[in-house]
Amino acid sequence: MNKLMKASVILSNSRFCAALLRHRTAAGVEHLQLMHYLKAMGIRTIIDIGANRGQFALVAKEVFPNATIFSFEPLQEASEVFTKVFAGDNAVRLYQVAIGANNSDGMIHVSQSDDSSSLLPISELQTALFPKTGEKETRKVQIRRLPDVVHEAEIEQPSLLKIDVQGYEKEVLAGVGNLLQTFTWIYVECSFMELYTGQTLAHEVITMLAKRNFKLEGVYNHSYDRKGLAIQGDFLFVNMKEGSA
């Protein structure tokens, strides 16, 4: 979705327009195609890991107004904006922590564009492909395992796990632990190139989730470099466990 089309969709929706004008948060309308595909499934719970200022949560709430959304964002500034965007909505809960394999403190590499921040170092390739995403500073943040924050009983079915963590997917999936099998769908941004030092690549995520009985259902929002090589995309997986989908 190009910038002009994205702006048109945002300005035609009162909720999205208000978030943009009041809080400078542009709803992630590039995810609407996927959200409308899942609409018939009646998603009841969404775990939003890597929430930033609420771009994805805005779209999810628009399509699934009765869903409960648990969002996770370790950066203070982004969390403060998120809280303003969803003020008064008790069905959207924000936790100012990152999700990872262990309960610990970690150093996050803060990007000039904060939605490109990562718990992994930002590579030169990332800044070459996406200007103004270079490292600005590092900060200490809290990292928690998902089951230590959200209990299985809180995940009403059908459910969606969304992950947008700039190469930190392996650690996040480890931190989700046994809760992984409670999700009907997993929607995760994956890269074909090493944009963050030591990051998990798309084929590795596919393999990890295949071992946990999740099948790749589709890929959305591809981005390409000037040579036409795929950089990254948003991957949708479905739980093949009997009765999950």
Review point. Counting only protein chains, not ligands or nucleic acids, how are Asp48, Asp105, Asp164 ordered by accessible area (probe 1.4 Å), most first?
Key: Asp105, Asp164, Asp48
Review point. Taking the highest mean first, how do the peptides 127-139, 188-200 order by number of other beta carbon atoms within 10 angstrom per residue?
Key: 188-200, 127-139
Exercise for review: Select from Val238, Leu161, Ile10 the residue farthest towards the positive end of the dipole of the chain; place +1 on Cβ of Lys and Arg, -1 on Cβ of Asp and Glu, and compute about the Cα centre.
Suggested key: Ile10
Check your understanding: Taking 0.36 nm per intervening residue step and subtracting the Cα-Cα distance, what contour gain separates Met5 from Arg22 on full extension?
Key -> 4.1 nm
Practice item. Give me the distance between the Cα centres of segment 1-71 and segment 192-231, rounded to whole Å. Key: 22
**Study point:** Gln33/Asn103 FRET efficiency (R0 30 Å; Cβ-Cβ; nearest 0.05)
**Key:** 0.25
Review point. Of all accessible surface on segment 1-156 at a 1.4 Å probe, what whole percent is carbon and sulfur?
Key: 49
Exercise for review: Work out, in µm²/s and without decimals, the Stokes-Einstein translational diffusion coefficient of segment 130-245 at 20 °C, 1.002 mPa s, Rh from Kirkwood over C-alpha pairs.
Suggested key: 139
Check your understanding: Of all the accessible heavy-atom surface of segment 158-201, with the other protein chains kept in place and a 1.4 Å probe, what percent is carbon and sulfur?
Key -> 51
**Study point:** Local electrostatic count at Val188 - Lys and Arg +1, Asp and Glu -1, tallied over other residues with Cβ under 9 Å
**Key:** -3
Review point. Dividing the Cα radius of gyration by the Kirkwood radius, what Rg/Rh value follows for the chain?
Key: 0.93
Review point. Using modelled backbone amide H atoms (1.01 Å from N, in-plane), which distant-in-sequence or interchain residues come within less than 5 Å of Thr25's amide H?
Key: Leu20
Point to revise | Pair Ala174, Ile231: separation of 7 Å Cα→Cβ label points (nm) | key: 2.8
Study note, to complete from the structure: For Lys136, the aspartates and glutamates lying under 13 Å Cα to Cα, once residues fewer than eight places off in the same chain are dropped, come out as Asp114, Asp115
Point to revise | Residues of segment 63-205: accessible area per residue with a 1.4 Å probe, Å² | key: 43
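The values are calculated or read from the model by the stated rules, or taken from the named source; none is laboratory data. Predicted model only: the values in this text are computed from it and were never measured. Cβ atoms come from the backbone with ideal geometry, glycine included; neighbour counts cover every protein chain shown. When the accessible area is computed, the model is the full protein with side chains, heavy atoms only, and any ligands, DNA or RNA have been set aside. Shrake-Rupley method; radii C 1.70, N 1.55, O 1.52, S 1.80 Å.
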